[in-house]
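First up is the structure itself, then whatever we jot down about it.
Since every read-out is calculated from the coordinates, none of them should be taken as a lab result. What you are looking at is a predicted structure, and each value in this text was computed from that prediction instead of being measured. Ideal geometry is used to build each Cβ from the backbone, glycine not excepted, and the neighbour counts take in all protein chains shown.
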Amino acid sequence: MDFTVVRQYNFPTTIRFGAGVIRELPDHLASVGLSRPLLVTDPMVAKLDFFADIRRQLEARNFSVEVFSEIHKNPVKSDVLKGGDAFAATNRDSIIGIGGGAAMDVARAIVLRVHHRRDLFDYDDLIGGDIYVTGDVPYFVTVPTTSGTGSEVGRSAIISEDDTHRKRILFSPKLLAKIVYADPLLTMELPPFVTAATGMDALTHNLEAFLAKMYHPMCEGIALEGVELINGSIAQAVLKPDLESRSRMMIASLMGAVAFQKGLGVVHSLAHPMSSLLDTHHGLANAVNLPYGMRFNIGGSEGKFGRIAQVMGLSRHDGEAVVERLFAFNREVGLPVRLRDIGVREEHIDTLADLAIADFAHPNNPKPVSREDFKKLYTEAL
Ligand SMILES: NC(=O)c1ccc[n+]([C@@H]2O[C@H](COP(=O)([O-])OP(=O)(O)OC[C@H]3O[C@@H](n4cnc5c(N)ncnc54)[C@H](O)[C@@H]3O)[C@@H](O)[C@H]2O)c1
Ligand SMILES: [Fe+2]
């Protein structure tokens, strides 16, 4: 390791974590002088009881509350523009993103949009757009209601182009929430499929972050602990949910996102094109690709796989044992283990491989991935 190279490590924001903590939200907003929040969520969450409760609690304190929920499953630019217009038209003073990764990402992109009026994708991080993020941003709070993406502690929003569905990343440290309310009670009604798919996304974050090639021992420690937490709680959280398992999943998903500032890898690059091309749920795409991608990574990372096997409590401490465990996880929580079971066909593979090689996640993979490798991996998983 070259210790003459200077590296920068950033850790997130204030996190309030625990059952019932969402009740603190009105007091918190009042304490920072805010009273006109825009609640950004998705159309499903907007209909749930806990969402109505959050709204009621704010209105009971005479806050003026507006809700924006017109967002797609894989959010697109026009969702963000509409949300930005709603913010301005209703004279809001803050943004609360409540929901899964999709809702929180749109909320974060609206935070950017309010005072940054160039074309939204001029701010794309991959073309250096973060340099334009120079202005103020409205006060931003996140409230996760799934345990998967960890977007609540993120600085980026993944938004797709309306026509091509290509995913673009908006990034700036200014887009970090000022405070996160991580209340596991909000996830108690999350259906088994979403719990499983989002939970496997969180596991993928922790595993890929642990293996990613950047030197970041702090993130590696967090990632390993995240793997251990998910290993011990995902089955319970999906099959017989209780507060303990759902709480462990919530903190582990948040840890995954803290850890993946170290980088992600081949699995996310396999998954992203499936959402763009086939509208596959992000967590589900990761879940199915995870064992295949991890098998690809064993060579050269045997020591790290040994440590993963250890925290997973496996009897054999080798990479193949970890891969077998990942297949078993998918079966246990009711997810498919083949791409053909989620709508991928052989004729998709070339396009998927083109998109995967252009994806932003794999350059941090512990070993290089070529377009041919992506084709092979999709074919193996088919
Ligand atoms: N910003 C990031 O760092 C980052 C990282 C990974 C993924 N993402 C993005 O996150 C999105 C996926 O997020 P997700 O996996 O959380 O899924 P999601 O936000 O699409 O939510 C999944 C489903 O669960 C429902 N739901 C949410 N909370 C619920 C609850 N408490 N009870 C019942 N139903 C509930 C939603 O309405 C939705 O139908 C994708 O758009 C992806 O691109 C962002
Ligand atoms: Fe992810």
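Taking the Cα centre of segment 236-382 as reference, the dipole from Cβ charges on Lys and Arg (+1) and Asp and Glu (-1) amounts to some 420 debye.
For segment 263-382, what does the convex hull of the Cα positions come to per residue, in cubic angstrom? Display every interim value, and only then the final one.
On the way: hull volume 11.3 nm³, N = 120.
Output value, Cα hull per residue: 94 Å³.
Solvent-free Debye calculation, one equal scatterer per alpha-carbon of segment 175-309: log10 I(q)/I(0) at 0.17 Å⁻¹ equals -0.92. Neighbour counts of other Cβ atoms within 10 Å put Asp136, Asp125 in the fewest-to-most order Asp136, Asp125. Within the shell defined by Cβ-Cβ distances under 14 Å, the residues around Phe327 carry a net charge of -1, with Lys and Arg each +1 and Asp and Glu each -1. Listed by chain and number, the lysines whose alpha-carbon sits under 25 Å from that of Lys375, ignoring those within fewer than 8 places in the same chain, are Lys167, Lys213, Lys367. Among Glu24, Glu228, a tally of other beta-carbon atoms within 10 Å of each Cβ gives an order, fewest to most, of Glu24, Glu228. Helical content of the chain, expressed as a calculated mean residue ellipticity at 222 nm, amounts to -15000 deg cm²/dmol (DSSP H runs of 4 or more residues, -39,500 (n - 2.57) each, divided by residue number, nearest 500). Within segment 284-311, what residues put their amide N at less than 18 Å from the label point 7 Å along the Cα-to-Cβ vector of Thr351? Under cut-off, by backbone N: 285. Scattering from the C-alpha atoms of the chain alone, worked out with Debye: what is log10 I(q)/I(0) at q = 0.12 1/Å? Cα-only, vacuum Debye calculation for the chain: -0.88.
Near Pro273: Cβ cut-off under 13 Å, other residues only, Lys/Arg at +1 and Asp/Glu at -1. The net charge is 0. Net charge dipole, the chain: roughly 420 debye, given to the nearest 20, about the Cα centre with Cβ charges of +1 for Lys and Arg and -1 for Asp and Glu.
Rounded to two decimals, the Cα radius of gyration of segment 341-382 over 2.2 N^0.38 Å is 1.16. Taken as Cα centroids, segment 36-84 and segment 330-369 sit 32 Å apart, rounded to the nearest whole angstrom. Per the Debye calculation on segment 92-167 with a single equal scatterer at every Cα and no solvent contribution, log₁₀ I(q)/I(0) for q = 0.24, 0.25 Å⁻¹ amounts to -1.20, -1.25.
On a 24 Å Cα-Cα criterion, which of the cross-link pairs Lys174/Lys304; Lys77/Lys262; Lys174/Lys262; Lys240/Lys262; Lys47/Lys73 come out too long? Table pairs above 24 Å Cα-Cα are Lys174/Lys304; Lys77/Lys262; Lys240/Lys262. Net charge dipole, segment 219-301: roughly 100 debye, given to the nearest 20, about the Cα centre with Cβ charges of +1 for Lys and Arg and -1 for Asp and Glu. Can you pull the percent of Cα pairs in segment 190-248 with separation above 17 Å? Value for segment 190-248: 39 percent of Cα pairs lie more than 17 Å apart. Largest GNM mean-square fluctuation across Gly150, Gly226, Gly128, computed for the chain with C-alpha springs under 10 Å, falls on Gly128.
Going from the residue with the fewest nearby Cβ atoms within 10 Å to the one with the most, Ile179, Ile95, Ile159, Ile342 rank Ile342, Ile179, Ile95, Ile159. Using +1 at the Cβ of each Lys and Arg and -1 at the Cβ of each Asp and Glu in the chain, identify which of Gly299, Thr187, His268 lies farthest towards the dipole's positive end. About the Cα centre, the residue reaching furthest to the positive side is Thr187.
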